[in-house]
Amino acid sequence: MDFVEGAAVQDRLEKLKQQKAKIDRQIALALAAERKSQKRDDDRVKVLVGAMFLDQLKRQGGRGSEQLLARMGEFLSRPGERLAVLGEDGSGSPAFRRLVGIEQ
C-alpha cells in the first residue's frame with residue numbers, strides 16, 4: 001500500500017468515525033426524548049391516581065385521611081413536600097384539608 005492509498009483509507013475512516021459520532025448523538029437525543037415522554041406519562045398517571053384518592057376522601061367527608069396522612073408521613077422525606085402535604089403539625093396542610101373536605 002502506498003502513501004496515497006493509506007491517506008485515502010485514513011480519510012474514509014475519519015469520515016466513518018464522524019458519521020458514527022453523529023448517529024450516536026441522534027440515538028442519545030431519541031432516547032432522552034423517549035425517557036421524557038415516559039416520565040410525562042408516568043407523572044400524569046400519578047396525578048390522576050392521587051386526584052382519585054383525594055376525591056374519594058372528600059366524598060367520605062375526610063374519613064380515612066388520618067391513615068393517608070400517616071402513610072404519607074412514612075413516604076415523604078423532603079421537608080418541603082412534607083410541609084405541603086402534612087402541614088406543620090402533621091394533621092394535614094391547609095391545601096390537603098381543603099382537598100379532602102376537612103374543615104379548617
Inset, instruction - Kindly check whether there is at least one residue in the stretch 88-104 that is within 25 Å of the chain's Cα centre (by Cα), surrounded by fewer than 13 Cβ atoms within 10 Å (Cβ to Cβ) and aliphatic (A, V, I, L, M). - result: yes
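Name the residue, out of L29, L54, that is in contact (Cβ under 8 Å) with a residue 24 or more places away in the chain and out of contact with any Ser or Thr (no Cβ under 8 Å at 6 or more places or on another chain). I'd like the intermediate steps shown before the answer.
Values: L29 fails: in contact (Cβ under 8 Å) with a residue 24 or more places away in the chain.
Unique residue meeting the criteria: L54.
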Inset, instruction - Evaluate the following for F53: is it modelled with pLDDT under 95 and under 22 Å from the mean Cα position of the chain (by Cα)? - result: yes
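The values are calculated or read from the model by the stated rules, or taken from the named source; none is laboratory data. What you see is a predicted model; the values in this text were computed from it and never measured. Here the Cβ is made from the backbone with ideal geometry for all residues, glycine too, and neighbour counts use every protein chain on show.
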